[in-house]
Amino acid sequence: MKISGSRVVIECLVEQGVDTVFGYPGGAILNVYDELYKNSDRIRHILTAHEQGASHAADGYARSTGKVGVVFATSGPGATNLVTGIATAYMDSSPIVAITCNVPTTLLGKDSFQEIDITGVTMPITKHNYIVRNVEELADVIREAFIIAKSGRPGPVLIDIPKEVTANEVEFEPLKNPDEIEKRIQERNIHLKRSLNPPSPSDEEIKKAADIINNAKRPVIYAGGGIIIGNASEELLALAQTSDIPVSESMMARSAFPSSNSLNLGMVGMHGTKASNMAVTESDLVLALGSRFSDRVISNPKHFAENSQVFHIDIDAAEINKNIPVSGKLIGNVKDILKRLLPLIKKADHSEWKNRIAEWKKDYPKIYDDNPADSINPKFLCECIHKIAGDDTFITTEVGEHQLWTAQHYPFEKPRTFITSGGLGTMGFGTGAAMGIQFANPKARVVHIAGDGSFRMNCNELATISHYNLPLVIVVVNNGTLGNVRLWQKAFYGERYSATTLDFGPDWVKLAAAYGIDGYKANNAAEFEKVFAEAFKSGKPAVIDAKVDIDVPVLPMVPGGRAIYDQIMDL
């Protein structure tokens, strides 16, 4: 069957099981959008207010399902508007495929209207990218892109297609043998071969690892985002309970281990709990699972678990010994490795170690104890949302104090229910991500906890939320400041609050109304509980302006460069 390049795009997406694409049209990608129009019964297109919102929506779709998210954009500024979203997905290992179209090949390199070398721009922030100059290559490139995006350590892949390639015709053959595509990738690129086929440790290596775990007296698990990406939460729980090992989580691992489990120590690192940070410090074994030892976790690397042996299990060999030297390692799929380890793990009782940890749990910042009369305690806000929304609700955030409060205080029970930008720290991520999650999970509920600073960056997507009548509840944590930056200015810059006070609009309730969305305002705990329950129950889009005092800090806090046990507990 002879079809156009733009039809090839559609057919290949359908082959890959794609049912939803996020994007924004433009001149260079018009042929693809025309074909999308003709095939609207096969693929649903979600028109966002901005390409960046579309990229975050594709990312949220991917993180909530484990499937590949797809985003379309045109050339030039359309393509560059995806860059932040692609980088966000790259830093957090989220599988998305971005399809951009460019000017015709005859105009490439001539500073043509809306021309940009988007493959050059995105090379450092994609797992792989392509420019397809020949329509005969297009089908296999798209098929390869999906394999690469979701295999090994997932990540974003970009495909750039010059306009005439979308118009040219080619003989199209439906994919008959998916293994053939993977084989061709491996033959062409040894780096991708390793990525697609991570090694599998030997039985002897597995046994040695089990012996190390069984012999530890003060072990702690440091769980990273790889647990969620690798769908290994069940195995993590089994390991922790069998061997009686407390679990510390990175921000990206929040929701990987039930908060209600007594072995859960909470988040570790710069804004980690005292129990988590001290357990890592005083342990004799740190078992790192699917983690990358981010600087926000380890702080001063010389003093991170300095008296402990660190054993690292990860799918990406490049992460081993990158930030922290390890005494042992297993490279491979974390779920598969844990499954092989579990039969060798002995039932243990670390009561003495847990009793010591229990004393650290008692040392808690006092600022979260009481609700003031004229504002809302952020810990209460998180717990109130959970009480009303329940364990199955997806929670998204932007980046800042509200994100850290959510990571610290929200009692997550199920994996993939907390979705945030960890590695890149992208203000503006959460609203688009929440949309993508809702489209991917139409029967689920999504609550987006946003800072007033971050929400300014993407509130244009209220147009999308309103148009598609998405039942998102957006809680704007309104403390009138860029809170996380202000915290540093207060602690380390002599309270010189340069460019961080947001004592100007908008009125969030009026803004919501302008988009036909219900708006609510809450100035204290009682008001918040009332309006959130009403908004959540309504099943309609809603924005809640929740007042939080400007000077409530995120505590504990480890100042930059200090050891994670050197925490500030009060300011």
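The values are calculated or read from the model by the stated rules, or taken from the named source; none is laboratory data. Predicted model, so just to flag it, every value in this text is computed and none were measured. Counting neighbours? That spans all protein chains shown, and the Cβs are built from the backbone with ideal geometry, glycine included. These area figures cover heavy atoms from the full protein model, side chains too; ligands, DNA and RNA do not enter into them. Shrake-Rupley method; radii C 1.70, N 1.55, O 1.52, S 1.80 Å.
How many residues does the range 352-395 contain that are within 27 Å of L239 (Cβ to Cβ), in contact (Cβ under 8 Å) with a residue 60 or more places away in the chain and either part of a loop (DSSP other than H, G, I, E, B) or not aliphatic (A, V, I, L, M) (or both)?
Residues flagged as within 27 Å of L239 (Cβ to Cβ), in contact (Cβ under 8 Å) with a residue 60 or more places away in the chain and either part of a loop (DSSP other than H, G, I, E, B) or not aliphatic (A, V, I, L, M) (or both) within the range 352-395 amount to 6.
What's the total number of residues in the range 10-40 that are within 27 Å of the chain's Cα centre (by Cα) and among the charged types (D, E, K, R)?
Total satisfying the criteria: 2.
What number of residues in the range 502-547 are basic (K, R) and surrounded by fewer than 17 Cβ atoms within 10 Å (Cβ to Cβ)?
Adding up the residues that qualify gives 4.
Does T106 satisfy being under 25 Å from T65 (Cα atoms) and outside any loop (DSSP other than H, G, I, E, B)?
The answer is no for T106.
Limited to the range 302-317, what total is found for residues that are open to solvent by 50 Å² or more (accessible area, probe 1.4 Å), over 24 Å from the mean Cα position of the chain (by Cα) and among the hydrophobic types (A, V, I, L, M, F, W, C)?
Number satisfying all stated conditions: 0.
Take the range 15-49 and flag every residue that is over 14 Å from I99 (Cβ atoms) and not charged (D, E, K, R).
Across the range 15-49, the qualifying residues are G17, G27, Y37, N39, S40, I46, L47, T48, A49.
For (1) part of a helix (DSSP H, G or I); (2) farther than 20 Å from V247 by Cβ; (3) of a type in the set (D, E, K, R), each residue gets a yes or a no:
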position	(1), (2), (3)
I313	no, no, no
K322	no, yes, yes
P325	no, yes, no
L342	yes, no, no
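Based on this model, can you work out whether I376 counts as of a type in the set (A, V, I, L, M, F, W, C) and surrounded by fewer than 23 Cβ atoms within 10 Å (Cβ to Cβ)?
When the stated conditions are applied, I376 does not pass them.
Pick from the range 468-501 the residues that are among the polar types (S, T, N, Q), open to solvent by 30 Å² or more (accessible area, probe 1.4 Å) and in a loop (DSSP other than H, G, I, E, B): which of them is farthest from P541 (Cα to Cα)?
Per the criteria, the residue is S498.
Taking the range 119-170 as the search range and keeping residues that are basic (K, R) and in contact with a strand residue (DSSP E or B) (Cβ under 8 Å, 6 or more places away or on another chain), which one is farthest from G60 (Cα to Cα)?
Filtering the range 119-170 for residues that are basic (K, R) and in contact with a strand residue (DSSP E or B) (Cβ under 8 Å, 6 or more places away or on another chain), the one farthest from G60 (Cα to Cα) comes out as R133.
Which of the residues that make up the range 235-262 are without any contact (Cβ under 8 Å) to a residue 24 or more places away in the chain and either closer than 17 Å to F293 by Cα or not polar (S, T, N, Q) (or both)?
A240
Output the number of the condition that Y364 fails; it satisfies all remaining conditions of (1) at pLDDT 95 or above; (2) more than 13 Å from the chain's Cα centre (by Cα); (3) open to solvent by 10 Å² or more (accessible area, probe 1.4 Å).
Result: Y364 fails condition (1) only.
Just checking, which of I320, I324 is open to solvent by less than 40 Å² (accessible area, probe 1.4 Å) and touching a His at 6+ places or on another chain (Cβ under 7 Å)?
I320
Residues to consider are V83, V32, V70; find the one that is touching a Leu at 6+ places or on another chain (Cβ under 7 Å) and of a type outside the set (F, W, Y).
Selected residue: V70, the only one of V83, V32, V70 that is touching a Leu at 6+ places or on another chain (Cβ under 7 Å) and of a type outside the set (F, W, Y).
Out of (1) charged (D, E, K, R); (2) in contact with a strand residue (DSSP E or B) (Cβ under 6 Å, 6 or more places away or on another chain); (3) without any contact (Cβ under 8 Å) to a residue 40 or more places away in the chain, what's the single condition that is false for D41?
Condition (2) is where D41 drops out.
Of all residues in the range 202-229, how many are within 19 Å of S327 (Cα to Cα), part of a helix (DSSP H, G or I) and open to solvent by 20 Å² or more (accessible area, probe 1.4 Å)?
The total comes to 9.
Would you be able to say whether some residue in the range 101-113 is out of contact with any His (no Cβ under 9 Å at 6 or more places or on another chain), open to solvent by less than 40 Å² (accessible area, probe 1.4 Å) and closer than 24 Å to E173 by Cβ?
yes
Kindly indicate which of S75, S55, S40, S4 is over 25 Å from I181 (Cα atoms) and either among the aromatic types (F, W, Y) or in contact with an Asp or Glu (Cβ under 9 Å, 6 or more places away or on another chain) (or both).
S75
May I ask you to list the residues in the range 116-127 that are more than 20 Å from the chain's Cα centre (by Cα), part of a loop (DSSP other than H, G, I, E, B) and of a type in the set (V, I, T)?
Matches in the range 116-127: I116 only.
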